[in-house]
1. If Rh is defined by the Kirkwood formula over all Cα pairs and Rg also comes from Cα, what ratio Rg/Rh do you get for region 1-50?
2. Only sites in a loop by DSSP and with at most 10 other Cβ atoms within 10 Å count here; which trypsin sites (Lys or Arg not before Pro) in region 175-241 make the cut?
3. Which shape class applies to region 345-460: rounded if a/c is under 1.5, otherwise prolate when a/b exceeds b/c and oblate if not, where a ≥ b ≥ c are the square roots of the Cα gyration tensor eigenvalues?
4. If you average the alpha carbon positions of region 1-60 and of region 296-330, how far apart do those two centres end up, in angstrom?
5. Test of understanding: what is the full-extension gain from Arg339 to Asp385, defined as 0.36 nm times their sequence separation minus their Cα-Cα distance?
6. Which whole-number percent gives the relative contact order of region 264-384, counting Cα pairs below 8 Å spaced six or more residues apart?
7. Given Cα pairs under 8 Å that are at least 6 residues apart, what percent is the relative contact order of region 382-425?
8. Share of antiparallel DSSP beta bridges in region 138-261, in percent to the nearest 5?
Amino acid sequence: MDVKLNTIRLVWVLSLAGEILNNAVSFAVFCVLDFVDFILCFVYKVIDFWIESQWKPCYCSFAKQHIIEGENILVSEECESKTVCLTSTKLQLEDISDTLYSRPSIVSQLSKFIVNDLNKTKKTTVTSTFTIDSTIVEMLRGNVVPRWSDCGCKICNSWTSSSKDTLFVKAEGPKDKAREDVLFIHGLISSSVFWTETLFPNFSTTVKSTYRLLAVDILGFGRSPKPTELLYTLREHVEMIEKSVLEAYQVKSFHIVAHSLGCILALAIAVKQPGSIKSLTLLAPPYFPVPKGEPATQYIMRRIAPRRVWPVMAFGASIACWYEHISRTFCLVICKNHRFWEFITKFITQNRIRTYLLESFCCHTHNSGWHTFHNIICGTAGKLDSYLDTVCNQLKCEVAIFHGGDDKVIPVECSYNVQRRIPRAQVKVVENKDHITIVVGRQMAFAKELEKIWKRSKCD
């Protein structure tokens, strides 16, 4: 008994010591990263001006005041942000996540303290103004052009040679005689190959002959358009999927299979078209209920990206979310040169490993990845409760949820959070699988599970 008690105490002490060490190291590392990102801000401004003869706006600049004179302007009030005063074909009234330009760090807090202290000595009078972020204003005005740091290969820019302003869709199955349609939506930093290289080859002959499988590259990723003037909001993503898939392929009713961030887009589509959904399959849905009184966007950002060096996935998410210029450097080194990294991988492995995941991971721009993360994952935090309630009360379709037991990106608790809002949803936790291997590596088994879900929907 004493041995067991001592073992428990030892585990508790080691766990506490590990947490304290993680916090201490994380604080030191992220202090350094705050400073590095601050320096990179000026470095990129100089390089941008040198190469493209103009300064590029970034979210490091402090919020500025702009007088509203019939222009499309973003209003920022506390943690809720809206785009108002619609211009011709730009944005309608919609949410823009304040996490784009409000990410507290030691450097930013110190700088703001100095600036606020200096402003106290000035007496200024401004009328009809709103506090907004200057970068968003520049983007709404169309003052942002393609960056030199983005990849210029044929794969990443295949959309520029097409006259169609639509997303890339990989369609398989009968064109005219399909009895069922299935929409596949990938997650962040991914593409349609996540489905087409794994599930599509493993579906049965019956499914291939009767189902039309539609895997889409969401806006800003894969072979789909990556416009620099967009803010990659929820409305823009959903409308492009509707235009490129549902309208283009004349889809009336359909099943949805979505992974990670794609689950948010799937829920938004389901809410807009409740009578068309035949089944809803969600893999690792990023749903964190927001406590009352907490700023929703900031709370979600800290849950997804907790500024910790361990686990490794949390460290990577924190860098991608908190640091605009460090993440741009990553895109410059990895994404812009993805063909080189694919070659190196094939050379080292003697072409024994397929590189479709590497292509999927790299085929996006910093602009599309950065805005999609903040405006979809963080910016929709206040909407997901109502979306899930709508699915629960208005949709009668089957809801299936799958989650990897070892997922370090989106914790398993998120799937159970969804089930609490949709009691009929069935949650399956696959042990020893993570955020990617929930599909990759078990594609045959998952393909069979999907076929069973679709078959059951016919009987309902």
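Taken together, the values in this text are just the output of simple stated rules run on the coordinates, not laboratory data. These figures come from a predicted structure and were not determined experimentally. Every residue, glycine as well, gets a Cβ built from its backbone with ideal geometry; the counts of neighbours run over all protein chains shown.
1. Details: Rg = 21.4 Å, Rh = 14.1 Å.
Value, to two decimals: 1.51.
2. Values: sites: Lys175, Lys177, Arg179, Lys208, Arg212, Arg223, Arg235; in loops: Lys175, Lys177, Arg179, Arg223.
In loop regions of region 175-241 (DSSP not H, G, I, E or B), the sparsely surrounded trypsin sites (Lys or Arg not before Pro) are Lys175, Lys177.
3. Values: a/c = 2.18, a/b = 1.36, b/c = 1.61.
Taking the square roots of the gyration eigenvalues as a ≥ b ≥ c, region 345-460 is oblate.
4. Measuring centre to centre over Cα atoms gives 9 Å.
5. Details: separation 46, 0.36 × 46 = 16.56 nm, distance 4.11 nm.
That works out to 12.5 nm of additional length.
6. Details: 87 pairs, mean separation 35.0, N = 121.
Relative contact order, region 264-384: 29 percent.
7. Working: 25 pairs, mean separation 23.2, N = 44.
Relative CO of region 382-425 lands at 53 percent.
8. Values: 4 of 14 bridges.
Expressed as a percentage, antiparallel bridges in region 138-261 total about 30.
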